[in-house]
Amino acid sequence: MIVQINPEHPQPRRIDQVTEVLRDGGLVAYPTDTVYGIGCDIFNKQAVERLQKLVQEIKGTPDHSPLSFICRDLSNIAEYAFVSDYAYRTLRRMLPGPYTFVLEATKLVPKVMLNRRKTVGIRVPDSPIPQQMIEHLGNPVANSSATDRDGELIPDPWTIEDLYGHSVDLVIDGGYVFPEPSTVIDFSGDYPQLLRQGKGSVGDLEYVELI
């Protein structure tokens, strides 16, 4: 099912419709500031496992591979991850924006969302639709980018509906996006490491180690 939502000024009733699907354990496709994502409530274990299975089938990733998730803002991140003073200053400058930050997880993060290192990838996209989804839901949303079977990012809701229609409970039509993955920076160690250069610039970082 496709639901059209204004990407700049999301209609509250339609956001409520989306969050009801999330609360019921559904998977939702939605636009962000980088790509279309597919997500679910991080506290619904069955929904997270559904999303992991879907990602495995489409992308060929290992079973139960860790997912990133989307938070509302920096204070919300601090509930789910340990943020050093340096990381806090950096995140405060760069969020919301096209970044994924890898951080050490707190005990609030469900085990199904964790990898062996007990780290998590967290986003705060500069995009009203996912921001409102999380605001109405009351907690973060697990996230994976929507790709086709060749690994290409999908730019529109109609292609997602065609490919994922039987596996996703709701697709938000927030218009066409020009997909570009987020920049991934690991803040879980002594120094930040650039894991992937994407849409977000790292030019204003005080120091970042390239790997």
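Considered as a group, the residues in the range 63-98 that are buried (at least 17 other Cβ atoms within 10 Å of the Cβ) and hydroxyl-bearing (Ser, Thr, Tyr) include one that is farthest from residue 45 (Cα to Cα), and that residue is 90. Can you tell me which residues in the range 52-77 are modelled with pLDDT of 95 or more and among the aliphatic types (A, V, I, L, M)? Of everything in the range 52-77, those that are modelled with pLDDT of 95 or more and among the aliphatic types (A, V, I, L, M) turn out to be 70, 77.
Restricted to the range 104-156, and to residues that are small (Gly, Ala, Ser) and surrounded by 15 or more Cβ atoms within 10 Å (Cβ to Cβ), which residue is nearest to residue 171 (Cα to Cα)? Among them, the one singled out is 146. Here residue 204 meets the list (1) modelled with pLDDT of 95 or more; (2) acidic (Asp, Glu); (3) touching a helix residue (DSSP H, G or I) at 6+ places or on another chain (Cβ under 8 Å) almost entirely, failing just condition (1). Checking each residue in the range 184-205 for being touching a Leu at 6+ places or on another chain (Cβ under 7 Å), within 16 Å of residue 89 (Cβ to Cβ) and of a type in the set (A, V, I, L, M, F, W, C) picks out 185, 187, 202. Of all residues being β-branched (Val, Ile, Thr) and more than 15 Å from the chain's Cα centre (by Cα) in the range 94-118, which is modelled with the highest pLDDT? Just the residue, please. Of everything passing the filter in the range 94-118, 106 is modelled with the highest pLDDT. Of the candidates 108, 91, the single residue that is touching a helix residue (DSSP H, G or I) at 6+ places or on another chain (Cβ under 6 Å), hydrophobic (A, V, I, L, M, F, W, C), under 27 Å from residue 190 (Cβ atoms) and in a helix (DSSP H, G or I) is 91. You will find that of 121, 165, 174, 138, the residue that is without any contact (Cβ under 8 Å) to a residue 24 or more places away in the chain, in contact with a strand residue (DSSP E or B) (Cβ under 9 Å, 6 or more places away or on another chain) and not acidic (Asp, Glu) is 165 and no other.
The one condition from (1) within 25 Å of residue 157 (Cβ to Cβ); (2) touching a Lys or Arg at 6+ places or on another chain (Cβ under 7 Å) that residue 74 does not meet is (1). Taken together, 73, 16 contain a single residue that is acidic (Asp, Glu) and in contact with a helix residue (DSSP H, G or I) (Cβ under 7 Å, 6 or more places away or on another chain), which is 16.
The values are calculated or read from the model by the stated rules, or taken from the named source; none is laboratory data. Since the structure is predicted, the reported quantities are computational estimates derived from the model, not experimental observations. A quick note on method: Cβ atoms are made from the backbone with ideal geometry, for glycine too, and the neighbour counts reach across all protein chains shown.
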